[in-house]
1. Calculated FRET efficiency, residue 212 and residue 255, Cβ-Cβ r, R0 22 Å, to nearest 0.05?
2. Per the Cauchy relation, a quarter of the hull surface: what is the mean projected area of the convex hull of the alpha carbons in the stretch 2-93, in nm²?
3. Within 10 Å of each candidate Cβ there may be at most 16 other Cβ atoms; applying that plus a DSSP loop requirement, which chymotrypsin sites (Phe, Trp or Tyr not before Pro) in the stretch 137-173 survive?
4. Go through 206, 222, 238 and say which Cα lies farthest out towards the positive end of the charge dipole of the stretch 199-241; charges sit on Cβ, +1 for Lys and Arg, -1 for Asp and Glu.
5. Please list, in order, the residues from the stretch 38-58 whose amide nitrogen is less than 15 Å from a point placed 7 Å along the Cα→Cβ vector of residue 68.
6. What longest region of the chain stays clear of GluC sites (Glu not before Pro) that DSSP places outside H, G, I, E and B and that have at most 14 other Cβ atoms within 10 Å?
7. I'd like the Karplus ³J(HN,Hα) series for the stretch 105-111: coefficients 6.51, -1.76, 1.60, θ = phi - 60°, whole numbers in Hz, and an x wherever there's a Gly or Pro.
8. If you average the alpha carbon positions of the stretch 231-282 and of the stretch 200-218, how far apart do those two centres end up, in angstrom?
Amino acid sequence: MEREAEEPGWEVDPDDEQGAAIVAFVGRQLRARREAAGMRAVEFGTAMGYGEGLVYKVESGKRIPRPEYLDKADEVLGAGGTVAVMKEDVEEARYPRKVRRLARMEARAVDLFWYGAHDIHGLLQTEEYMRALFGMQQPAYEQAEIEQGVAVRMARRAIFDRSPAPALSFVLEEVALRRPLGGRMVLRRQLERLLELGKLRAVSLQVMPTAREEHAGVGGSIEMLRFRDGSAVGRSPGVASGRPVEDAKQLRVLALRYGTIRAQALAPSESLAFIEKLLGDT
C-alpha cells in the first residue's frame, strides 16, 4: 500500500507550526512505541499493511497519519487504545489554521443557525459536491488543497453523530438547490443527502422560495453558534463587515434577521416536500 504515502491531502504544511508540531509529536510517539516493541520499520510496515516508506514519513513528522493507520498501529503494538486516541489531535492538524477555530467552536456548539444567500452549507454537502465546488475555485486550487478541503468538511460532519445532538437549523435558497454544480447527477445525490439529513430530529431544513416578495436575507448570509454557557458568536456580511461578533447587541440583530428569514421560508415539512419535487424534476 505504498501509494498511501503519495496520496495528496495528507502532507504537513510547513507554515503551520502548530499542526506540524502535533504531527511530529505523534510520529515520535509511534517510533518510540515501535522500538520498545522490538520491531524494525520494515517489520512494522508489513504487520500494518503499509509500505516501509510511509512508516518513516509518519514517524519523522513529514506525513499526517490517517485515522485507520493509528487504529492499526494501536492493534499491532498492543497499545490498548493509547495510540488510537491520538486521532483527535491528528484530525485537528489537518484543519487549515483559518478554519481550526471554527471547527473547535462547532464541536462545542449546542445550537447552529445558518442562512446561505447562494450556497449549501458545508456540513450538508456530499463529498462529490464538495469536490465540485473546490474544483471551481479561482485561482485554481492544487490537488492537495482540494483533498485537504474535502477532508476538513468530511471530518466536521461528525457533528451529526454527537450525543446529545446540537440543534442545527439551515435555510437554503431555492436557486442553490436548482443549480447543477458538478453536473446533474451530483446535484441529484446532493438533494438526496438533504432529504436524509432533513429527517434527523436535531436538524431543521427550510427552503426560501425565489418568488418571495419579502426577504430579510438581502443583507447576505448569516451564521450563528450558541454554546452551553449562554455565550454565542455570529457572522454576516451585513454586520461588522463580516467579521465574527460576540457583542450582545450585534448578535440580537443577527438573531432578529434569522428569525424573520425562517418565518418567511417554507416550513420544514413543506421544504422537504419541495426538495423531493426538485429531485423528481432533476
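Every number here is computed from the coordinates shown, using simple stated rules; none is lab data. Fair warning: this is a prediction, and the values are worked out from it, not measured in the lab. Virtual Cβ from ideal backbone geometry, glycine too; neighbours counted across all protein chains shown.
1. The pair residue 212/residue 255 has a calculated efficiency of 0.65.
2. Averaged projected area of the stretch 2-93's Cα convex hull equals 5.1 nm².
3. Working: sites: 141, 160, 170; in loops: 141.
Hits after loop and neighbour filter: 141.
4. Towards the positive end, the residue furthest out is 206.
5. Correct set: 48-51.
6. Working: sites that count: 6, 142, 213, 214, 246.
With GluC sites (Glu not before Pro) excluded where exposed in loops, the chain gives 7-141 as its longest stretch.
7. Along the stretch 105-111, the couplings run 5, 4, 5, 9, 5, 9, 9 Hz.
8. Centre-to-centre (Cα) distance: 7 Å.
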